[in-house]
1. Of F607, F124, F340, which has the most accessible area with a 1.4 Å probe, and how do the rest follow in descending order?
2. Quick one: if the Förster radius is 25 Å, what FRET efficiency do V515 and L460 give, using the C-beta to C-beta distance and rounding to 0.05?
3. Just to be sure I understand: if I project the alpha-carbon convex hull of the chain onto a plane and average over all orientations, what area do I get in nm²?
4. Classify the range 395-449 as rounded, prolate or oblate from the Cα gyration tensor: take a ≥ b ≥ c as the square roots of its eigenvalues, call it rounded if a/c is under 1.5, otherwise prolate when a/b beats b/c and oblate if not.
5. Which one, A107, V74, G42, is farthest towards the positive end of the dipole of the range 42-120 when Lys and Arg carry +1 and Asp and Glu -1 on their Cβ?
6. Where in the range 1-73 are there trypsin sites (Lys or Arg not before Pro) that are in a DSSP coil and have at most 12 other Cβ atoms within 10 angstrom of their Cβ?
7. So if R0 is 51 Å, what FRET efficiency would L186 and L498 give, r being the distance between their Cβ atoms, rounded to the nearest 0.05?
8. What's the angle, to the nearest 10 degrees (0 to 90), between helix 10-29's Cα axis and the longest principal axis of the chain?
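The values are calculated or read from the model by the stated rules, or taken from the named source; none is laboratory data. As the structure is a prediction and not an experimental result, all values here were calculated from the model. Please note: Cβ atoms are built from the backbone with ideal geometry, for glycine as well, and neighbour counts cover all protein chains shown. Each accessible area value is taken on the protein alone, full model and side chains, heavy atoms only, with ligands, DNA and RNA left out. Shrake-Rupley method; radii C 1.70, N 1.55, O 1.52, S 1.80 Å.
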Amino acid sequence: MSGLIHSAWLIPFFPLLGALVAAAGGRWLKELSHIPVILGIGAAFVVALGLLTPAGPETTTVVYDWLNVGRLHVPVEVRIDGLTTMMLAMVTLVSMLVAIFAAGYMAGDPGYARFFACIGLFVFSMTGLVLSNNYVLTYLFWEGVGTCSYLLIGFWHAKPSAADAAKKAFLVNRVGDCGFAIACFLIWKYSLNHDLSYTVALSKANLDQMPQGVLLAIALLIFWGATAKSAQVPLYVWLPDAMEGPTPVSALIHAATMVTAGVYLVARSAPLISYAPGVLVVVAATGCLTALLSASIALTQNDLKRVLAYSTISQLGYMFMGLGAGIGEVAQVAVVAAMFHLFTHAFFKALLFLGSGSVMHATGGVIDMRRFRGLRHRLPITHWTFAIGALALSGIPPLAGFFSKDDILAALKSASHAAGSRSWEAAYATIYWVAVLTAFMTAFYTGRAYFLTFWGPEKLPSPDDPEAQEEDQAHLSHSDPGHGAASGPGHGGHDVHLGHESPPIMTIPLILLAVGAIVVGLIFSPMTTGWFDHHLEKTFGFERLGHFTHGHAHDWSIPIVGTLAGVLGLVLSGFMYANPSPIPARLAHRLRPLYQASYNKFWVDEFYVYTVINPLRGLARFFYLLDDLLVHNLVKATAWVPRLFGQELLAPLQNGLLQYYAAVTALGVAGLLWILLLMK
């Protein structure tokens, strides 16, 4: 086991090696470019699996000394503990299944090798982030994850919508990264010996000597960084537009990488954030608002992938509600609940996104749910696996989402009794009931997506659909690979055959993820075997968050209320959408203001356009004019003045006439003599 721990650096190395081989040998490998990347991620998963049962407590290993400048010392040091090993196993397993699916989905795409090279780099960056034992090294890989997301979201960069979505994701994340960077500066300044390693920065001795105001600032800044990476209010707006990338990219970003980075950072920093309990209330309230807002938007969207995107934002809000509930004696239970939901969510959300990709494979790139339905007979494997993912997302027992969602509800309810002040207890009680309402909404919009896609009379996309013609151009921006009208998703340059089930290379990952969505809750839940909470107990600093006590274990009202909310949402969605019905249209008409607000995503993007983007564009135009009229002319003047003196004043003196030179010399001598006479 000691040798395996010291080989942990191989986990990011293998995907990086696969990415380099795919990039360098893509011209020769061509349609086999996926093999080195899948093998690299698979090898990383094998090593990560071996680390799941470490013999002792947390371990750190220095790979090599990287930065040693003045008082800044940043070695490349990996940390192995309960949180790290859980994340590594989840990231590598889900990423491997997504990469296998992508091998069939992206077949024939001209950028096939480039795509898999970026996938390998993405997994390298995420595993490096998780393994890092230093805030600076974490920040380095944090930026690597952001760069890879930019490359993959804008993979079809010739499409303006894809290029814009990539830039939007990159710029919004830079706002959050600014907060994380400032937090790193503060940790370096105030930590013992200016040490940025987690071993020192999160130690009790270090946190006890830090000023309370500094701890509060660092905690808020870390959460600020997490709100961008994990798409929380107000920096969530990039994630729905990330659908412009290929569907496997969406699955990777929403399930195993990118968006989980922010949740992981807050969980890793939980010992520090626990010193600023006021920040925990901010974290929980932000997660609550995010979950409710995004679920409200998902209710009315017609794009299947966008429904799932807003669902991801909502579930991330759930995770932050759990992290924010980590107050007082329930701190450790709440953090474990949040991370367990992250763990289970990776399986069923990857399953749902890949299922939507399988639907696109059968519909020639169409993802507008108004243009197809009743696909369950043509796509039996996709249908049943999607149904399992939908049930898991809705929190129906005994699937994985039931256990993790109820753990978060239990943590919120416990926090409402243990917060320490009446105002905080009232806040957590409110957040708890909003979480229950969000669970109902989640089940409803998930059921709506499932029933509209797979139930009712069979319908395949037609270019003559009058209800969707005016949105065709917008939805073409989602079609994969987007290199021409003849190619649809997963077909590359091949002919499109509508209504056929996906090939085995795409359905086998769906089946494996569906099995995961069924069993991971039963196997790992704190409510069953308790493996997950005891494993995370080995995480550095978590021993100071309290003990693993499940005071809610006998509170049956929590699973009953949560399950009823999920069942009610599914039943209501089935009643309204399993077969064509006038009820949704009538309801939308009667609630037109609310429907329009939800359908238009509460005009948040428009708000940013008018309050941020347009003013910045105006400021940019002002500086452009200032540069063009003032600075540019000033630079020209610096050349014009010497030219004036040289050509107009001095050049005539050098005219080549000897008599002129003699006269000037005589005048000069006369002038000097006159000055000498005056001086006497």
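1. On the way: F607 120, F124 50, F340 0 Å².
From most exposed to least exposed: F607, F124, F340.
2. Details: r = 29 Å, r/R0 = 1.18.
So the FRET efficiency works out to roughly 0.25.
3. 44.0 nm²
4. The shape class here is oblate.
5. A107
6. Numbers: sites: R27, K30, R71; in loops: R71.
Within the range 1-73, the qualifying trypsin sites (Lys or Arg not before Pro) (loop, at most 12 other Cβ atoms within 10 Å) are R71.
7. The computed FRET efficiency comes out at 0.35.
8. Between helix and principal axis, roughly 70 degrees.
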